[in-house]
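Heads up, the thing below is written out as structure tokens.
The values are calculated or read from the model by the stated rules, or taken from the named source; none is laboratory data. Keep in mind that what you see is a predicted model, and the values were worked out from it rather than measured. Cβ atoms come from the backbone with ideal geometry, glycine included; neighbour counts cover every protein chain shown. Just so you know, the surface numbers come from the protein's heavy atoms only, side chains and all, with ligands and any DNA or RNA stripped out. Shrake-Rupley method; radii C 1.70, N 1.55, O 1.52, S 1.80 Å.
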Amino acid sequence: MIELDKVRKTYLVGGEEVHALDGVSLRIQDREFVAIIGASGSGKSTLMNIIGCLDTADEGEYRIDGEEVSELSEREQSTLRNRKIGFIFQQFNLLPKLTAYENVELPLIYQGVPASDRKERVMEALEKVGLSNRVHHRPNQLSGGQQQRVAVARALVTHPTLILADEPTGNLDSHSTRDIMELLKELHAQGNTLVLITHDNEIAAQAPRRVRLMDGRIIEDDGGRMTPQEAENESETEGGTL
């Protein structure tokens with residue numbers, strides 16, 4: 001699904017070049033759950049922005065589902081982003097004047113989905129995150145954990161092939177953190193490809209695969225393991241056990 005080859009991104013800060021990404025190559029398979037971990041300044045946010053088509057690399061190649069992103073116009077990248085990628089942010093990024101229902105519905109309005117189809121998809125997404133009884137609540141009427149669940153529902157409502165979660169538990173208490181991580185694991189088990197950006201080793205440890213960044217380079221990648229579905233498929237193909 002995701003292929004990065006020798007990706008570089010440089011910023012000019014105070015007259016000096018900062019290599020946010022310095023030749024990063026990475027493969028993430030369909031239905032994989034990967035945690036990208038690193039301290040502040042390691043390059044993980046820049047990597048997320050490139051994977052999410054929010055920024056472009058200075059050098060190297062980035063393909064999603066075999067499509068070379070650098071060859072797309074800004075409008076085409078926006079279309080790809082809206083069609084294939086769901087975002088979950090640390091700050092929730094909910095519109096305060098809108099209800100939970102309306103916040104989740106917004107991406108579908110941008111996509112031009114007919115009103116007759118929006119209701120079913122919005123309610124399906126809210127039910128999936130356990131908030132079907134909070135549809136008319138505004139963000140200030142919800143706890144932090146509930147707000148993040150709305151954000152997860154908003155990410156799911158467009159039926160993306162990739163979910164990018166950027167420090168999704170950073171503003172949550174320990175109880176809400178456990179709830180959100182369990183929800184993300186459930187989404188992965190249901191077949192979603194999930195990339196989790198975090199600085200927290202304990203959070204990263206809950207992902208089957210961990211990629212560690214430092215100074216814009218990958219310094220550790222446990223290589224990942226096959227998802228349960230991939231393992232099952234391979235076992236059926238070879239007619240043996242793994």
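Report the far tail of the P(r) of the range 1-49, meaning the percent of Cα-Cα pairs longer than 12 Å. Tail of the P(r) past 12 Å holds 69 percent of the pairs.
Projected onto planes of every orientation and averaged, the convex hull of the alpha-carbon atoms in the chain covers 15.0 nm².
Which stretch or stretches of the range 40-82 have amide N atoms under 16 Å from the point lying 7 Å from Asn201's Cα along the Cα→Cβ direction? Hits in the range 40-82 for Asn201 at 16 Å: 40.
Electrostatic bookkeeping for Phe33 treats Lys and Arg as +1 and Asp and Glu as -1; over the other residues with beta carbon under 9 Å from its beta carbon, the sum is +2. Computed over the chain with a Gaussian network model linking Cα atoms closer than 10 Å, the most mobile of Ser73, Ser176, Ser40 is Ser73.
Rolling a 1.4 Å probe over the protein heavy atoms leaves Tyr11 with an accessible area of roughly 90 Å². By accessible area, using a 1.4 Å probe on protein heavy atoms only, the range 68-163 has 47% of its surface on carbon and sulfur. Between the range 83-156 and the range 41-63, the alpha-carbon centres lie 26 Å apart. Of Phe87, Phe33, the order by accessible heavy-atom surface (1.4 Å probe, DNA, RNA and ligands excluded), from most exposed downward, is Phe87, Phe33. Accessible surface ranking for Thr10, Thr177, Thr79, 1.4 angstrom probe, highest first: Thr79, Thr10, Thr177. Under the simplified labelling scheme, the Ser78-His159 pair shows an inter-label distance of 2.4 nm, with each label point 7 Å from Cα along Cα→Cβ. The reciprocal of the average 1/r between distinct C-alpha atoms defines the Kirkwood hydrodynamic radius, which for the range 13-150 equals 17.6 Å.
If you take all other residues with their beta carbon under 14 Å from the beta carbon of Arg178, and give Lys and Arg +1 and Asp and Glu -1, the sum is -4. Averaged per residue, what accessible surface does the range 34-124 expose to a 1.4 Å probe, in Å²? Heavy-atom accessible area per residue stands at 51 Å². Across the range 105-121, coupling constants 3J(HN,Hα) worked out from phi with the 6.51/-1.76/1.60 Karplus curve, θ = phi - 60°, read 6, 3, x, 6, 5, 4, 7, x, 5, x, 4, 5, 8, 5, 4, 4, 5 Hz, and Gly and Pro carry x.
For the chain, set up a GNM with springs between Cα atoms under 10 Å and report which of Glu124, Glu17, Glu220 has the largest fluctuation. Maximum fluctuation in the GNM of the chain, among the listed residues, is at Glu17.
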